[in-house]
Amino acid sequence: MVECQIRPYLLVVKLHIKMENSNKIVPPHLNAEVYRTDTTGTSTMFYLDYLRIHEDGSTLIGCSELTGRYWNGAADVFKSVNEAGQRQKSEKRAINLQSGTSDGCFVNSSKKILLCEDSGAVSIWCTSDEDQHNAWHQWTEEVSAAEHDNAALAVDCLSPDAEYVTVGADGHGKVWDIERMICIRNYSAAHSKPIYGVSVRPNSNTDFATCSMDQYVSLWDQNVDKPVLDLYQNNCGVRCLQWIDVNKIIFGDEAGILSIVDVRSLETTLNITEFPAAIHKIAIHPECNKVAVCCDNKTVTVCDISEDTKVKTTYQKSQAHNNFVRGVAWDVKDDKILHSLGWDGEIKSHTVMC
């Protein structure tokens, strides 16, 4: 009987002790600190995001680590697309970044590249080796400027080796003098939401167009602070755009609709075809009126655009990759070859008849 009376008392005492301990700040175990500072064994698969092909055939591949602990990024430069397809899975990367990268381009020479980083930085990398494709070549960061307030998402060239324009998730557009690596024109709040695409007008070193999730496609002149013209207000966010010629722009949106706007006649904007997923990237063939399209799916599509802006699908591969296709680019030596890459880590080539 005594024992039965003591046990409830002990139980109350134990609960009281636990409540007191729960109010104390307990320092983390030392193992937590070791885990936090450990950088070994943290690398996971790099997801390929874009490819750019130089006129000499050199190929720039940009990728981001989307599933690891740090979400780092990297870039590789290969002698050709074929070499990139064979070697890009190597764990060793030519350039390692502290954040992901959404876009990049060659700066005139294939020995110099510009990278847009998710940290908001725009960086220039170069190699001094005569043969930048040998096993021992080193890429070094020449200069970097972090002036975007969010991820830098896209870049295009205004004047080779001199002026480039970048756009970002902060809604800003910036024109860079890369010789001095300074922003010579800042379009603050160019759009009210992230800007996913920028394209420089053919035969111009001042005019460019942008598209944003705020639904606008806008035309800019780097000599003017404000947009020259809002070309079109879409009914949903616009993800990508490119000039077909000096007057026409083709763009793709979140609804999967591909449209054309003519700067000479804005009221004649046409929705030319529709896809089952949001359009991610487009690539215009430089020699004929073909546009390659990749969406938020595994399909690669090529459409033929006639002079009267009618569209005919000339190539489509529904299972081109085992994950989302993220980039497409036309071959610089064979105009019938289209290259694509995706989050499956693969680079594929497609034969498309002109």
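So, R0 is 35 Å and r is the distance between the beta-carbons of Y315 and W71; what FRET efficiency does that work out to, to 0.05?
Result of the calculation: an efficiency of 0.55.
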Exercise. Using the 10 angstrom Cβ neighbour count as an exposure proxy, how do H350, H172 rank, fewest first?
Worked result: H350, H172
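Sort 297-305, 257-265 by packing, meaning the average of other beta carbons within 10 Å per residue, with the highest value first.
Working: 297-305: 21.3, 257-265: 17.6.
Highest-to-lowest ranking by the protection proxy: 297-305, 257-265.
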Exercise. Tell me which aspartates and glutamates have Cα within less than 20 Å of K310's Cα, excluding those fewer than 8 residues away on the same chain?
Worked result: D245, D253, D262, E267, E274, E287
Problem set entry | Cα convex hull of segment 45-137, projected area averaged across orientations, nm² | 5.6
Exercise. Given the C-alpha centroids of segment 280-300 and segment 179-234, what is the distance between them in whole angstrom?
Worked result: 22
Exercise. Once the Cβ-Cβ distance between N205 and E141 is put in as r, and R0 is 25 Å, what FRET efficiency do you end up with, to the nearest 0.05?
Worked result: 0.40
Exercise. Using a simple spin-label model with points 7 Å from Cα along the Cα→Cβ vector, what separation in nm is obtained for S128 and V228?
Worked result: 4.1
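Computed from the coordinates by the stated procedures, all read-outs in this text should not be read as laboratory data. Bear in mind the structure is a predicted one, so any value in this text is a computation, not a measurement. Glycine gets a Cβ as well: all are built from the backbone with ideal geometry, and neighbour counts include every protein chain shown.
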